[in-house]
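Here's the structure, in structure tokens; my notes come after.
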Amino acid sequence: MDQYFSKEGLEKLKNELEERANVLRPEIAMRVKEAKELGDLSENAEYDAAKDAQSSNEGRIEEIKNILENAVIITVTDSGGVVRVGSSIKAESKNGVQTFIIVGAAESDPVQGFISNVSPLGAALIGHMKGDKVEVKTPKGVMEYKILEVK
């Protein structure tokens, strides 16, 4: 399944992979080696902690690699006024006027206005245009949004 990223978001993920593979991995390997030298591994908390950190880091490295295999960079072009991934939307609801940017799930940050294309609101907005009214099922009930602007 495609995972959408802004150019900056994809760079951030690549940098995290670089950091984990080339900085954290050797640091953790050194911790494991040093903990092994302390002796009895059956009661060695330092060794257990280092192995847990190693497992966690390796798991995240694999996760990032899988994400990057399916990454699609969001290109901001004229969408003809139709909401799509990468669009900036100004919409009005009973809570007032809000601005949203539709992003992939990995870059989602609703507090900052970055909503995922697979979230209830993001999915409901996609395909609509300025002037459209969109109903969104939320945990607090159905919300209606009127799209005021699409960029």
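The values are calculated or read from the model by the stated rules, or taken from the named source; none is laboratory data. Everything quoted here is computed from the prediction, not taken from an experiment. Cβ atoms come from the backbone with ideal geometry, glycine included; neighbour counts cover every protein chain shown.
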> Considering region 127-142 alone, what residues qualify as being surrounded by 14 or more Cβ atoms within 10 Å (Cβ to Cβ) and in contact with a helix residue (DSSP H, G or I) (Cβ under 8 Å, 6 or more places away or on another chain)?
Replying inline: VAL134, VAL136
>> For region 1-56, which positions are closer than 30 Å to VAL72 by Cβ and not in a helix (DSSP H, G or I)?
In response: MET1, ASP2, GLN3, TYR4, PHE5, SER6
>> Looking at VAL32 and the list (1) among the hydrophobic types (A, V, I, L, M, F, W, C); (2) in contact with a Lys or Arg (Cβ under 7 Å, 6 or more places away or on another chain); (3) in contact (Cβ under 8 Å) with a residue 40 or more places away in the chain, which single condition is not satisfied?
In response: (3)
> Which of the residues spanning region 64-113 are outside any loop (DSSP other than H, G, I, E, B), in contact with a Ser or Thr (Cβ under 9 Å, 6 or more places away or on another chain) and crowded, with 18+ Cβ neighbours inside 10 Å?
Replying inline: ILE89, ALA91, PHE100, ILE101, ILE102, VAL103, GLU107
>> What's the number of the only condition in (1) over 30 Å from THR138 (Cβ atoms); (2) not assigned by TED's automatic domain parsing to the domain that holds GLU27; (3) not hydrophobic (A, V, I, L, M, F, W, C) that GLY81 fails to meet?
In response: (1)
>> Could you tell me how many of the residues in region 68-114 are in contact with a Lys or Arg (Cβ under 7 Å, 6 or more places away or on another chain) and either acidic (Asp, Glu) or on the phi > 0 side of the Ramachandran plot (or both)?
In response: 2
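Which residues, taken from region 36-63, are over 30 Å from LYS7 (Cβ atoms), of a type outside the set (Ser, Thr, Tyr) and surrounded by 13 or more Cβ atoms within 10 Å (Cβ to Cβ)? Even if it seems obvious, please write down each step before you answer.
Here is the first cut: in region 36-63, the ones over 30 Å from LYS7 (Cβ atoms) are 36-55.
If we keep only those that are of a type outside the set (Ser, Thr, Tyr) too, we end up with 36-41, 43-46, 48-54.
Hits for region 36-63 are LYS36, ASN44, GLU46, ASP48, ALA49, ALA50, LYS51, ALA53, GLN54.
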> Across region 121-138, what is the number of residues that are on the phi > 0 side of the Ramachandran plot and assigned to a strand (DSSP E or B)?
Replying inline: 0
> Are any residues in region 47-88 within 16 Å of LYS12 (Cα to Cα) and touching a residue at least 40 places away in the same chain (Cβ under 8 Å), and if so, which ones?
Replying inline: ARG60, ILE61, ILE64, LYS65, ILE67, LEU68, ASN70, ALA71, VAL72, ILE73, ILE74
>> Is it the case, given these coordinates, that ALA124 is crowded, with 17+ Cβ neighbours inside 10 Å, among the small types (Gly, Ala, Ser) and touching a helix residue (DSSP H, G or I) at 6+ places or on another chain (Cβ under 6 Å)?
In response: no
